[in-house]
Amino acid sequence: MIPWLQIDTTRVPGAEVELRLMRRGDEFSMMLGQNELMNSRLSGVRGGACHARLQETRGRQAPAFADRRMGMGFTLRAALAVLGRDARIVVAELVPAVIAWARGPMAAIFGDSLSDPRADVREADVVDVIGSQQSVFDAILLDVDNGPEGLIRKANDALYDLKGLKAIRRALRPRGVLAVWSSGPNCVISKRLRDAGFDVNEVAIRATTSAAARGTSSGLRQPRQRGLIAVIRDE
């Protein structure tokens, strides 16, 4: 079996944790301690969930979409596949090294998505990007830590308190869509979203791998059902 190799490490701004980029053949993994944040073989959850939510923005003139976290580009590629040529996609990535990894060792995974004129990749905190906008975005996807429960940065909790959710609501256009990635159902955040003025719909997405990947024995945890809280605002 091909061994895992550590490609690079970096510190997450505002957190005393080390993020590691691992590689085994064509497979990449981002690790935080013993926790795997994401794997290049498991694209079904983020990409599929994004595709489902962005279908609701189709037909709008020049839709604008904001995504928190570049990661391995699952969401960005899914958004580019769904949105038209006049769309604008803002990706806010806090960790500079992750952007460098996307343009370097993981360039084959990202393909031409980073050079797509619709993509605007910013080295920035999504809190600042959202807080500085009003009625700008048709859709916002929060893919932070492992969901509303902060795993990496405690500051991320500010996105999910009532003040943060109201700021997100202001940044959305009428009938805008907010999709919140969560590792499972979360009744607390669902109630808080409703208190902030959102209508809430919870859906489950199953992680998928390629047929070739499913035939290997890597020790990677098996795909499982995960929750995405999809929030739609009607005005």
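The values are calculated or read from the model by the stated rules, or taken from the named source; none is laboratory data. What you are looking at is a predicted structure, and each value in this text was computed from that prediction instead of being measured. Here the Cβ is made from the backbone with ideal geometry for all residues, glycine too, and neighbour counts use every protein chain on show. Heads up: the accessible areas ignore ligands, DNA and RNA and are worked out on the full protein's heavy atoms, side chains in. Shrake-Rupley method; radii C 1.70, N 1.55, O 1.52, S 1.80 Å.
Brief remarks follow.
- Entry remark, the range 18-28: residues being touching a residue at least 40 places away in the same chain (Cβ under 8 Å) and open to solvent by less than 30 Å² (accessible area, probe 1.4 Å) number 5 in total.
- Some residue of the range 3-14 being within 17 Å of the chain's Cα centre (by Cα), at pLDDT 75 or above and assigned to a strand (DSSP E or B): no
- Hits in the range 129-146 - residues which are assigned to a loop (DSSP other than H, G, I, E, B), over 21 Å from Pro13 (Cβ atoms) and not polar (S, T, N, Q): Val136
Here's the yes/no breakdown for (1) open to solvent by 10 Å² or more (accessible area, probe 1.4 Å); (2) modelled with pLDDT of 90 or more; (3) farther than 21 Å from Gln133 by Cα; (4) assigned to a helix (DSSP H, G or I):
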position	(1), (2), (3), (4)
Met1	yes, no, yes, no
Glu16	yes, no, yes, no
Arg41	yes, no, yes, no
Cys50	no, no, yes, yes
Gln55	yes, no, yes, yes
